[in-house]
Amino acid sequence: MEIIILPTPEDVGRVAADLISSVVKAKPTAVLGLATGSSPLDIYHSLATRVAAGELDVSQASGFALDEYVGIPLEHPESYAAVIARDVVGPLGMDPAKVRVPDGRALDIEAATAEYDAAIAAAGGVDIQILGIGANGHIGFNEPTSSFASRTRIKTLAPETRAANARFFDDPADVPTHCLTQGLGTILDAHRVVLVAQGAGKAAAIAAAVEGPLSAMCPGSALQLHQHATIVIDEAAAAELT
Ligand code: F6R
């Protein structure tokens, strides 16, 4: 595990974008693993700036989102399908036909999640997976107690995750209770992983993920098992590292 500590959140976005950019330049058809939430926004901004300047072309790359809410319509502005379209596909000039998000409206959830993992495998696996981390240590929406071997599946969101994500909804009661998420096993299959975290609110989760014991109580600690994981964090998020 490589840990890169930088002065500011903007530095985190730029340096993580450098990693993703180098993967896409080496392999224009790269498969990107796409996180949502606030943490990766500076990455997407930095990549979009490079695309606009003609320095980077992501049009041949494909993408698989990490997760999706269950129980809100696709058109809802906070569905992850809408967020990925708005914050990633459009600004980066990706081909919408090459970017998938788990289908939170599927009637047969088991079949839909198994098919999602199969589609990732058929694409040759994720070349670089972008991750944030929850204050409770979750990656994707693999909440504490998730199995390290888990595959894409339905999960119940932890109360603290619903509270954290209430900022995206008009009413906290509107935050969905369930989601589909790539499993920890699915995430560990990515060829390369880059996790970003900014701010003091993530410091305990980063310390547990990076230095704590491997534990299902901190799903981010699963990344200690990955051969090529890079953690890019600002000084505030690094504050509890020894
Ligand atoms: C998002 C995701 C989550 C977030 C995490 C942190 O696709 O899977 O693991 O990365 O909840 O969220 P932010 O970045 O909003 O603090």
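Rule-based calculations on the coordinates, nothing more; no lab input. Worth saying up front: this structure is predicted, and the values here are computed from it rather than measured. Neighbour counts run over all protein chains shown; Cβ positions are idealised from the backbone, glycine included.
Annotations for the structure displayed:
- When residues of the stretch 136-172 are limited to those that are aromatic (Phe, Trp, Tyr) and near the ligand (Cβ under 10 Å from one of its atoms), the one surrounded by the fewest Cβ atoms within 10 Å (Cβ to Cβ): Phe168
- Note on the stretch 136-164: residues that are among the small types (Gly, Ala, Ser), over 14 Å from the mean Cα position of the chain (by Cα) and assigned to a loop (DSSP other than H, G, I, E, B) total 5.
- If only residues of the stretch 55-78 that are assigned to a loop (DSSP other than H, G, I, E, B) and in contact with a strand residue (DSSP E or B) (Cβ under 7 Å, 6 or more places away or on another chain) are counted, the one that is surrounded by the most Cβ atoms within 10 Å (Cβ to Cβ) is Leu66.
- Selection from the stretch 139-173 of residues that are in contact with a Lys or Arg (Cβ under 9 Å, 6 or more places away or on another chain) and over 25 Å from Ala111 (Cβ atoms): Pro172
- When the stretch 88-109 is limited to residues that are more than 20 Å from Asp127 (Cα to Cα) and not basic (Lys, Arg), the one that is surrounded by the fewest Cβ atoms within 10 Å (Cβ to Cβ) turns out to be Leu107.
- Any hit, the stretch 58-68, residues being farther than 28 Å from Ala209 by Cβ, in contact with a helix residue (DSSP H, G or I) (Cβ under 8 Å, 6 or more places away or on another chain) and in contact (Cβ under 8 Å) with a residue 40 or more places away in the chain: no
- Scanning the stretch 44-55 for residues that are within 16 Å of the ligand (Cβ to nearest atom) and within 14 Å of Arg86 (Cα to Cα) yields Tyr44, His45.
- Checked against (1) outside any strand (DSSP E or B); (2) surrounded by fewer than 19 Cβ atoms within 10 Å (Cβ to Cβ); (3) over 15 Å from the mean Cα position of the chain (by Cα), Gly185 passes all but condition (3).
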